[in-house]
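Asker: Mind having a look at this structure? Questions to follow.
The values are calculated or read from the model by the stated rules, or taken from the named source; none is laboratory data. Since we're looking at a predicted model, the values are computed, not measured. Positions of Cβ are backbone-derived with ideal geometry, glycine not excepted, and every protein chain shown enters the neighbour counts.
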Amino acid sequence: MTSTNCIFCMIVAGDIPAQKVLETENVIAFRDIAPKASVHVLVAPKVHVPNVAAAAREIPEILAEMATVAQQVADAECDGEFRWIFNTGPSAGQTVFHVHGHVMNGGSLGWDA
Ligand code: 5GP
Ligand code: ZN
């Protein structure tokens, strides 16, 4: 299941390059091209699903696999502790409509003391 004109489907297919950090049967993890933290990795399913709620409905096992991959990335890169952000909808900053969780190391996002 791929979507034409989807940049992350193209990354999954190997049609455009990405700095892959981890890959499983159903999930890919690669570095964000414009990092907002010193660790900033995107974790996405290989199938095209538009957002996290659709992933929960349509591919719950793969969403769980994404969580495991996110933890593995954090184990390797930031002592196992991380933020996992799903921008959902344009007003919340979603720009790529192929679900992906941003794995980021800690640091201030504005709600920390
Ligand atoms: P969103 O704004 O949809 O939550 O996140 C999309 C993210 O994908 C952004 O942080 C953006 O920097 C990243 N991004 C967009 N295009 C590419 C690309 O071609 N390669 C990689 N590695 N990241 C991308
Ligand atoms: Zn896609």
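Asker: What is the residue count in the stretch 2-50 for residues that are modelled with pLDDT of 95 or more, aliphatic (A, V, I, L, M), assigned to a loop (DSSP other than H, G, I, E, B) and farther than 15 Å from Val69 by Cβ?
Answerer: 4
Asker: Continuing with this model, one more query. Hey, can you tell me all the residues within the stretch 71-81 that are charged (D, E, K, R) and either touching an Asp or Glu at 6+ places or on another chain (Cβ under 6 Å) or in a loop (DSSP other than H, G, I, E, B) (or both)?
Answerer: Answer for the stretch 71-81, where residues must be charged (D, E, K, R) and either touching an Asp or Glu at 6+ places or on another chain (Cβ under 6 Å) or in a loop (DSSP other than H, G, I, E, B) (or both): Asp79, Glu81.
Asker: From the list Phe86, Phe30, Phe8, which one is surrounded by 12 or more Cβ atoms within 10 Å (Cβ to Cβ) and in contact with a Lys or Arg (Cβ under 6 Å, 6 or more places away or on another chain)?
Answerer: Details: Phe86 fails: in contact with a Lys or Arg (Cβ under 6 Å, 6 or more places away or on another chain); Phe8 fails: in contact with a Lys or Arg (Cβ under 6 Å, 6 or more places away or on another chain).
Just a single option satisfies the conditions, and that option is Phe30.
Asker: From Glu58, Glu81, Glu77, which residue is under 21 Å from Ser3 (Cβ atoms), more than 15 Å from ligand 1 (Cβ to nearest atom) and free of Cβ contacts under 8 Å to residues at least 60 places away in the same chain?
Answerer: None of the others qualify; the one that does is Glu58.
Asker: Here's another thing I want to ask about it. Of the residues in the stretch 55-70, how many are surrounded by 15 or more Cβ atoms within 10 Å (Cβ to Cβ), outside any loop (DSSP other than H, G, I, E, B) and out of contact with any Leu (no Cβ under 9 Å at 6 or more places or on another chain)?
Answerer: Total satisfying the criteria: 6.
Asker: Considering only the stretch 39-50, I want to know if a residue exists there that is surrounded by fewer than 15 Cβ atoms within 10 Å (Cβ to Cβ), under 19 Å from Cys9 (Cα atoms) and of a type in the set (A, V, I, L, M, F, W, C).
Answerer: Checking the stretch 39-50: not a single residue is surrounded by fewer than 15 Cβ atoms within 10 Å (Cβ to Cβ), under 19 Å from Cys9 (Cα atoms) and of a type in the set (A, V, I, L, M, F, W, C).
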